[in-house]
Structures are given as C-alpha cells and as structure tokens.
Amino acid sequence: MTATNADCTTVVQPSLDQLLTAVVQLDTDYCIAYMNTAAEALLDGSRNRLQQQDFFSLFSYSSIDPNTLKQALNDDQSVSDSDVTLVFHDGQRITVELVAQPLKLEQQRIGVLLELRQMDQIRRINQETVQQQQLLAAQSMVRGMAHEIKNPLGGLRGAAQLLASELDDAELQEYTDLIINQADRLSTLVNRMLGSNQLPQPEPSNIHAVLERVLQVARLAGAEQIRWQRDYDPSLPELTMAADQIEQALLNIVMNACEALAPEAGGEIVLRTRIAHQQTLYGKRYRQCAVVVIQDNGPGIAEALRDTLFYPMVSGRAGGTGLGLAIAQNIVHQHSGKIELQSRPGHTEFTLYLPYVETLT
C-alpha cells in the first residue's frame, strides 16, 4: 500500500457511468453517496439499495485494514493497493486494484473517492501460466534427479544381496538387510517423485463416492476430532476419470488440511462440490467442469510458501516430504484440470477444476 499527497478532486457523476472502472463516492462517514454502473456490477447491488450503507460493512473480510485506510485519508493521503482481497458475506471473493483519495471542496474534505478494478481474471490467467511453467520445470528437475538416484541405488542393492549370500554370520546379515531395506525405501520414494506418465483407463465415476472414500480414510487415520461438513451438489453427472488417481490427489490435500488442524481446537473441514459452466483452463474452454473445494479453518498457509507450494520437497511442516501436493497437481493436470489455492488465517481453500471431456491424455 502506498500513500501520496492528494490534490483537490472533483467528481462529475453522470460521466462516471461510461467508465469500465468501478467508482464509489463515500461521504465523510465512509457511507456510499454515489456509485457508477461498473460499481453496481462489481458490488452486486444497485446504487439505490446500497446508498448510505457503510462501505466496509459490505464485506466479511478485507485484506486492507479499514482503519489504516481511514487514517491515511484523514491525514489527507491518497492510498493505492494493487492486490486487495474482498470477501462478501455470502462467501464470494474478489481481488481488486484499489485507489482511494480524499475529495475536497474549497480545501475542505467532503468525502472519499474509490476506484476499484477487478483483477481476478487477469490474475487467474497469470497464475495458470506460472503454475504450468512450475509443473513442467518441477517434473523435469525431479525426473532428472530421480534417475540419477535410482541408478546407483540399484547397484547398491544388488551388491548388498551378493554380499549377504556370501555371509554365514546372521549378525552381519542384519547389516546387509538394513542396506537392502533402506535402498527399497529410497526407491519407493523416488518412484513416487517420478509418478506415472500414463493414467489408468479412465471410466465414468461418481466424484461423491470418491470423496466419501477419502473422508473414511482421513477419519481412520486419526482425524476423528475434526468436524466434517459435506456440501455436495447432487446434480453433478458422472465424471470420466481415473478414480483411484483422483482419490489419491484429494486424499493428499485432505490429509494436509488435517495436519494443519491437528494442534487446533474446533477444526473443521468442508468438502464442497459444484459445477462450473464455460470454464477456461490453460487457454482451453470447457462447457462444464466439476469443481471440488476442500476448505479448512486452520491457521492458513504462510505467504512465503504459496508461490512454491506445489514444488516437490516444499513443505510447511517439519518432517513433511513435500510430495503430496506435487503429486496431486500432477494427477489433476493429467486430467486436463487445475488446482487453485486461496488462503488467509482461518480460511484455506483448495479448489480442483476437473473438466468433462471424452478422453484423457
């Protein structure tokens, strides 16, 4: 957020309806005095209905502190922020570029002028581009590293087996067994890192049946203390997918959420399904997509981790391998889908978009 000295500003209200940028005029109490047509669309309400309402009361959450904004404006400073998250009371979330400046008439402040430009679509396209580049870079890096590890591992294991066959002392064979077991463990880890380039034969499956299996496994794994909420859309048609692979992807994300909630009291996870129409994923438009949301009320994901969270070996917890989300992203990408992340303290959402397509590659 930046602040600069504000100059005297006047508003010609009728001409503002011609702008694509949302413009909102607030009075000195920060109540809406005027809004143009673009603002009506952005705030999802008519100017007649929203007039005289406290602007900040429209939102359940704002990433910009209203008190900080008010203080800057009271000090005759204009404010700008290119990445403001606003969450409405119905849960709808938008990202806007915000410019706020005091309105003056004859050197007396008469209100505040807000300019709001929605950035969600631009950010979504940029995120998709970055995510695809990250996925390709990570796959290339991991495959190269994994092959370099697997080759000496095979020789190490074979040498240990030969040595074990020459040893008569059972105590010494314990050491060769340890070498073989550890080599097998590392080989399994490398195979997980490599993943599979080919999906099993996809078949029409019920995404809710997959979610129920994930829920059952999570509960058996020790997540009984967590409150689970199902918010399913029963109208979703069956989705052509490799059900076991999608189950693994969902389980990885759900178990991460469970671990994030483990030290907290009152942890809750919501499993939500919806259908999205005319969705564009990685530049390709799909008539319908199944949308699966995994939402928790944990502490949130650290800002420093968000841009690299889907890289292998990146983890926000001690002892984590950092493979779960990387594997989940790879599986969803193989289904022509994508994963989106939204996180703030008390609210984290992983959203999976899985398009309805005839064949998968």
So, in region 286-306, of the ones that are outside any helix (DSSP H, G or I) and open to solvent by 50 Å² or more (accessible area, probe 1.4 Å), which residue ends up nearest to residue 335 (Cα to Cα)? 287
When residue 228 is evaluated against the numbered criteria (1) open to solvent by less than 80 Å² (accessible area, probe 1.4 Å); (2) closer than 18 Å to residue 354 by Cβ; (3) at pLDDT 90 or above, which criterion, by number, is the only one it fails? (2)
Which condition breaks for residue 171 when tested against (1) charged (D, E, K, R); (2) out of contact with any helix residue (DSSP H, G or I) (no Cβ under 8 Å at 6 or more places or on another chain); (3) open to solvent by less than 70 Å² (accessible area, probe 1.4 Å)? (3)
Scanning for something open to solvent by 50 Å² or more (accessible area, probe 1.4 Å), over 30 Å from residue 201 (Cβ atoms) and modelled with pLDDT of 85 or more, does region 249-256 turn up at least one residue? no
Would you pick out the residues in region 182-203 that are open to solvent by 70 Å² or more (accessible area, probe 1.4 Å) and modelled with pLDDT of 85 or more? 203
Counting only strands (runs of 3 or more DSSP E) wholly inside region 33-116, the ones holding at least 3 residues that are more than 23 Å from residue 349 (Cβ to Cβ) and open to solvent by less than 70 Å² (accessible area, probe 1.4 Å) are 77-88, 93-105
Can you tell me which residues in region 252-299 are over 16 Å from residue 218 (Cβ atoms), among the β-branched types (Val, Ile, Thr) and touching a helix residue (DSSP H, G or I) at 6+ places or on another chain (Cβ under 9 Å)? 273, 280
Could you tell me which numbered condition residue 243 fails, if it satisfies all but one of (1) under 20 Å from the mean Cα position of the chain (by Cα); (2) modelled with pLDDT of 90 or more? (1)
Residue list for region 78-92, filter: over 10 Å from residue 62 (Cα atoms) and under 18 Å from the mean Cα position of the chain (by Cα): 83, 91, 92
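The values are calculated or read from the model by the stated rules, or taken from the named source; none is laboratory data. Quantities reported herein were computed from a predicted structural model and do not represent experimental measurements. Neighbour counts are summed over all protein chains in view; Cβ atoms, including those assigned to glycine, are modelled from backbone coordinates with ideal geometry. In case anyone asks, the SASA skips ligands and DNA or RNA and just uses the protein heavy atoms, side chains included. Shrake-Rupley method; radii C 1.70, N 1.55, O 1.52, S 1.80 Å.
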